[in-house]
There are 2 protein chains.
Amino acid sequence: MKLARALFAPRAVALIGASGDAAKNTARPQRFLKKHRYAGRILPINPARAEVLGERAWPSLAEAPGEIDHAFVMAPGEAVEQALEDCGRRKVPVMSVFTDGFADAGEEGMARQARLVARARELGVRILGPNSMGVVDIPGRLALTVNAVLEMDTLPGGATSIVSQSGTMLGALLSRGAARGLGFAKLVSLGNEADIGAGELVELLAEDADTQVILLFLETVRDAERLAVAARRAHSAGKPVVAYKLGRSQLGEALARSHTGALAGADAAFDAYFRDCGIVRVDMLETLLEIAPLVAGRKPPDLDRAARVAVVTTTGGGAASVVDRLGMFGIETVAPNSKSPIVDLTMAATAEKYTAVLDDLLASPQCDGVLAVVGSSAQFHPQLAVEPIVRSKKSAKPLAVFLTPHAERSLSLLAGHGIAAFRTPEACADALAAYFAWRSPRTRAAAASTEWPPNWPRRGRLDEAQALRLFASLGIPVAEHAIAQPPGYAHAVPYPVAAKALSAQLLHKTEAGAVCLGIADRTGFDREVRAMLGRVPAAREVLVQKMESGLAEAIVGYRDDAVVGPIVLVGAGGTLAEIYRDYALRLAPVSEEEAQEMIARVKGLATLRGYRGLPRGDARALAQAVAALSRLALIRGRPVAEAEANPVIVKGEGAVAVDGLVVMKE
Amino acid sequence: MKLARALFAPRAVALIGASGDAAKNTARPQRFLKKHRYAGRILPINPARAEVLGERAWPSLAEAPGEIDHAFVMAPGEAVEQALEDCGRRKVPVMSVFTDGFADAGEEGMARQARLVARARELGVRILGPNSMGVVDIPGRLALTVNAVLEMDTLPGGATSIVSQSGTMLGALLSRGAARGLGFAKLVSLGNEADIGAGELVELLAEDADTQVILLFLETVRDAERLAVAARRAHSAGKPVVAYKLGRSQLGEALARSHTGALAGADAAFDAYFRDCGIVRVDMLETLLEIAPLVAGRKPPDLDRAARVAVVTTTGGGAASVVDRLGMFGIETVAPNSKSPIVDLTMAATAEKYTAVLDDLLASPQCDGVLAVVGSSAQFHPQLAVEPIVRSKKSAKPLAVFLTPHAERSLSLLAGHGIAAFRTPEACADALAAYFAWRSPRTRAAAASTEWPPNWPRRGRLDEAQALRLFASLGIPVAEHAIAQPPGYAHAVPYPVAAKALSAQLLHKTEAGAVCLGIADRTGFDREVRAMLGRVPAAREVLVQKMESGLAEAIVGYRDDAVVGPIVLVGAGGTLAEIYRDYALRLAPVSEEEAQEMIARVKGLATLRGYRGLPRGDARALAQAVAALSRLALIRGRPVAEAEANPVIVKGEGAVAVDGLVVMKE
């Protein structure tokens, strides 16, 4: 039996640990299944009772009759392991586990979870959870969950499905949608994702006939590779995937060994990851719900310029509250055939006029999307502007509606017609910004194509000369340099030069006095090297580099992220990238064209673009260096953990790396 | 008769232009007054009807009987001017004008408005509007407005009053509040503010016994001085003032003549202004409503360190959605007596436990505020966590509640008990951030205390030598300099020096080739000066400056803003302030201590604070320069429009201005 069928359309459900006390959490699945008219058999399993809430109960799964497709486990402690054995014996294909105390409960729990999953694999039983609130399939009338919001009398059906790492928030989204006329197909609480994860569910939903849009509430991503594949599959099936992810303000793990590590905080890496997968990322909780009609049936706009939105409104202040925020996202407000940036019908609104203006804007080639704002009339006089919106001639262009008063019936009316309507100006702007930033999934690079040279170090940190050699081998120009050795420290690099004590152990060279810049001649060189080696007794050799100068400094970094995989970063040089978080980040590898796009997003590299009449730098050469470093992702086995060229000096022609850091995984 | 009485508690209201067609806008005031049980006399004025909606009507105000306290004018065109004359004759003290076509309608309308106000002054009639939607006083049962949301059956009474420049949004706020159990006292639509403005209304509300919190919906500020005084009066009366202001993404007028002009865009100046007045500024529309119970009865926390919030929740995901955003505002999450930063009762919540934890947190000296989050139970089982919140022991500490599901009854229950409850995690975080950023109004500096020297230029731009002289006279150290004159261009400044062609007309000196840095000796000086004067034939004299170097560069600017008055700015030097909008801005003048606080907010001046082990710069000397420049605000008549020292070079000891720009108002 296929997983999707067992999960969402089981012919019989066993409720292991079902309580006979209707007030208890563990009585809810049975109550909710009945309340929402589940058509299959319900089998409460309770060793202490022959009857549970009016239903015949069984002391154990072993004794329950007939074929069972799905077991929902609420019993505490070792009963979970027992239930798994029973499922194996009874050939129950899937078991959803509400019980906690696994990976959610420290190291011991993690080990317990690993044993559970290993045993499930042996038995051929699939597991949702543990610590999952369960599964809801509204068209299929399955309410197999402990979430209290299922107390609602009718469940709102629709074509949006939700996969959530938080069971409570799954309920919150369902509850908020129901109040607004937004309907759902399938809702799944992932819990710990011990076995069935977000990626597999997105795969299932990509093939689900009832699902048109897939929403993800994420706290983290546990299997980035699988979710990436699944998102591409959903894209091919024409089903947009939208994510709300927590963790925007945390910089994540202790990756502060290099600048790149500290910069490429977990959240920026997730941004790059979602973009790469073609997943729309929203910033606000309600946007996750409200955006569904905006993306449903649409493809990524793949814009490579600022988006232009046309606005029609019956309230100047209401329109401004959205337009103001659109401006903060760099979205332009345009009004075809009008001088004002907004078509304001405040004093002149009639239903006919509203429809006419809206149809004009939806048909106009001069804008990429339309925002319709309705003021006080939305609450008690929907015929004035809300109904004209319903009647407007839909186009491929996205239409977003913001209603200024409390107007739930109008919101529901719009939702019922598949029109994206927003309760707050902020979510409305967030959704439009997320829509216009939406891009098709990037074609993934082919498998590893190059080898790590056999005679190169495979562990620890490379010293700087080795790092520069690696960069050169990737095709990144590096400053002319030589290694000067004792006793004479001879070298042929032309003066002025920089001298650096060579040591892979030295983390902060400048602070340790291991760097001397701008040495003018041999006499100076001898004096400085002597002094430097006195300060850094561990070093014997000296890296001598030609002094380089240019128009701008950049940092180019690479990191093999523990969650999302290899990423590449380019930022303004010096301390700017760090102080201002001014960098662009993508999954690696990137092409030269993609690197150019990244560079265009870095404010501090404005100088390269001829800022204030200053000479232009060779952005293309920098882009080539970014693309080159990103190819570390193509080395078989991906042995490099982190690499950073900082600074890369960008000149009028060319760019050259003058300092390098490379850390291997081992 | 006092204005407040006539505006909010008129004994009789004349409705000039009242329509007999109940479906028309102009019939609404009469319908709403009746519907919401206005106790005074209603006098429809309509030259075409003897009866309007069942009420005896009068052909003109002149013929209407008895004393009339408030006239509401909806009649179009010249009828407004006629109504004013009639009000004057009948001694009607206040006239609210809904009719548009005044300052809202171009130059001609502006002139018309000016004439209207001038005549009103002569007649002793006060005007609200034109283009105002009117006035609502809920405790006083006055619904004198055309706003359609007044169709609602009962108006929610409360202690919050709203003053709005958008009539529609006033209705939107009332409507949203009503749906949530948030009640109001007085609501005023300002319209064009031809006569009665936001400042005067805040003054009235500061004295209004029914009003505890004053909310402002602003598109701009028309009389900053008066609103500033009124906000201070409200503060003294213990009534918090909160503002939502549009225009965040616009940089305002064409003030790009200098960096300071371009930087200190309208919105940053408004931020400084609100802070100065002790007005709480919120970022999101619904925060404006939802924050009222959070500030009611409280004083500004005046925190000078990061705020610490303790969190109790029944849902990890729900708490994280708020906490994540608090982190983005720099607010710390703390959990007294617990290892986790959040007290998560997800699986362990009982009403007793929730109350106990909440009371502990509210009493704890280790946090500045408490966030209570409630999951699914908030919708159908308020007894589990929502009611325990209602029972908690209130303290001076602010308590914010976020409910994850759609739970309007619980929101109303909390609102009814004066507890701040939020519908979205974003508004919840926005409110807490706004609360913790709230400061007492700053004591305003005494009146102008210095004179502009009589022999100094009073118009146009000063040349750079004059600008440096002005800075020095204010107490800002300037680089050693001299003016070298033809024919010999002799000077006594020690080499190396910089030479600059002196001309007040030259705007972009570097681009024009009018600056030469790092001249090593006299020979070089002669050569460079000759070449420079060849490039800039308008210049005759040359400013010679000692070359200065230091640890960091800053920009210090002053501008007499057309809206909020004198402001002072400090930012990172070079192009950083501009590219990253990295600056701090306050109303001028500021003290040295305030300037220190400003400097601490500029990320790019981190180097001054010993960033990454670099030597510390003399932040105090920079602060002295900021305070000194800000004293331009104290010169009688404030003749300076803009002044900028850029860069100010900050050394290990001292700071010195090396370039100056001063533009006079005339």
- [ ] Report the label-to-label distance for B:Arg609 and B:Leu303 in nanometres (one decimal), using points 7 Å from each Cα along the Cα→Cβ vector.
- [x] 1.6 nm
- [ ] Assuming a ≥ b ≥ c are the square roots of the Cα gyration tensor eigenvalues, decide whether region A:303-377 counts as rounded (a/c under 1.5), prolate (otherwise, with a/b larger than b/c) or oblate.
- [x] oblate
Task: Computed log₁₀ I(q)/I(0) - Debye formula, equal Cα scatterers, no solvent, region A:596-666, q 0.16 Å⁻¹ - done: -0.62
Open item on the list: I want the local charge near A:Val280. Using Cβ-Cβ distances under 15 Å, sum +1 for each Lys or Arg and -1 for each Asp or Glu among the other residues.
Closed with: +2
- [ ] In debye, nearest 20, what is the charge dipole magnitude of chain A about its Cα centre with +1 on Lys and Arg Cβ and -1 on Asp and Glu Cβ, if you could check?
- [x] 760 debye
Open item on the list: Using a Cα-Cα cut-off of under 16 Å, which aspartates and glutamates could be cross-linked to B:Lys299, ignoring same-chain neighbours fewer than 8 residues away?
Closed with: B:Asp276, B:Asp368
Open item on the list: Using a 7 Å offset from Cα along the direction of the beta-carbon, what are the separations from B:Gly460 to the same position in each other copy, nm, ascending?
Closed with: 7.1
- [ ] If a/c stays under 1.5 just call it rounded; otherwise compare a/b with b/c (prolate if a/b is bigger, oblate if not). Do that for region A:157-246, with a ≥ b ≥ c from the square roots of the Cα gyration tensor eigenvalues.
- [x] oblate
Task: Residue closest to axis [chain A; rotation mapping onto B; Cβ; Å] - done: A:Tyr580, 2
Open item on the list: I need the Debye-formula profile for region B:469-520: one equal scatterer per C-alpha, no solvent, reported as log10 I(q)/I(0) at q = 0.22 1/Å, two decimals.
Closed with: -1.06
Open item on the list: Once you compute Rg and the Kirkwood Rh from C-alpha atoms, what is the Rg to Rh ratio for the protein assembly as shown?
Closed with: 1.00
Task: Positive-end residue, region B:515-620 charge dipole about Cα centroid, Cβ charges, pick of B:Thr607, B:Ile555, B:Met532 - done: B:Met532
Open item on the list: Considering all alpha-carbon pairs of region A:147-195, what whole percent are spaced by more than 17 angstrom?
Closed with: 28 percent
Open item on the list: Testing the spin-label approximation: label points 7 Å from Cα along Cα→Cβ at B:Asn337 and A:Ala396. State their distance in nm.
Closed with: 6.3 nm
TODO: Could you calculate the FRET efficiency of B:Arg409 with B:Glu51 from 1/(1 + (r/R0)^6), where r is the beta carbon distance between them and R0 is 60 Å, rounded to 0.05?
DONE: 0.85
Task: Computed lengthening from A:Ala363 to A:Leu507, 0.36 nm per intervening residue step minus Cα-Cα distance - done: 45.9 nm
Open item on the list: Rounded to the nearest 5, what % of DSSP beta bridges with both residues in the protein assembly as shown are antiparallel?
Closed with: 50 percent
Open item on the list: Let me check the size of region B:448-569 from its C-alpha atoms; what are the radius of gyration and Dmax in Å?
Closed with: 16.1, 51
Task: Dmax and Rg, reported as Rg then Dmax, of region B:453-495 (C-alpha, Å) - done: 12.5, 35
TODO: Report the antiparallel proportion of the DSSP beta bridges in chain B as a percent, rounded to a multiple of 5.
DONE: 50 percent
- [ ] Find every distance from the label point of B:Glu107 to the corresponding label point in the other copies (7 Å from Cα along Cα→Cβ) and write them in nm, one decimal, shortest first.
- [x] 8.0
Open item on the list: Under a crude label model (7 Å from the Cα following the beta-carbon direction), how far is A:Thr220 from B:Glu107 in nanometres?
Closed with: 6.6 nm
Task: Above-threshold pairs, the threshold being 27 Å between Cα atoms, out of A:Lys546/B:Lys509; A:Lys509/A:Lys665; A:Lys500/A:Lys665; A:Lys353/B:Lys186; A:Lys24/B:Lys397; A:Lys651/B:Lys546 - done: A:Lys546/B:Lys509; A:Lys353/B:Lys186; A:Lys24/B:Lys397; A:Lys651/B:Lys546
- [ ] Please work out the FRET efficiency for the pair B:Ala209 and B:Asp153, using the Cβ-Cβ distance as r and a Förster radius of 30 Å; give the result to the nearest 0.05.
- [x] 0.70
Task: Within region B:486-508, backbone nitrogen closer than 15 Å to the virtual label 7 Å beyond the Cα of B:Ala472 toward Cβ - done: B:491-494
Open item on the list: Compute for chain A: radius of gyration divided by Kirkwood radius, i.e. Rg/Rh, restricted to C-alpha atoms, rounded to two decimals.
Closed with: 1.07
Task: Mean separation of Cα contacts under 8 Å, 6 or more apart, over the residue count of chain A: relative contact order % - done: 9 percent
Task: Estimated dipole of the protein assembly as shown in Debye, rounded to 20 [Cβ of Lys and Arg +1, of Asp and Glu -1, Cα centre] - done: 700 debye
- [ ] For B:Gly637, place a label point 7 Å out from Cα along the Cα→Cβ vector, do the same in each other copy, and report the separations in nm, one decimal, smallest first.
- [x] 8.2
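Readers should treat all values here as calculations from the given coordinates under stated rules, not as data from a laboratory. It should be emphasised that the depicted structure is a prediction, and the values quoted were computed from it without experimental measurement. Cβ sites come from the backbone with ideal geometry, for glycine too, and all protein chains shown count toward neighbours.
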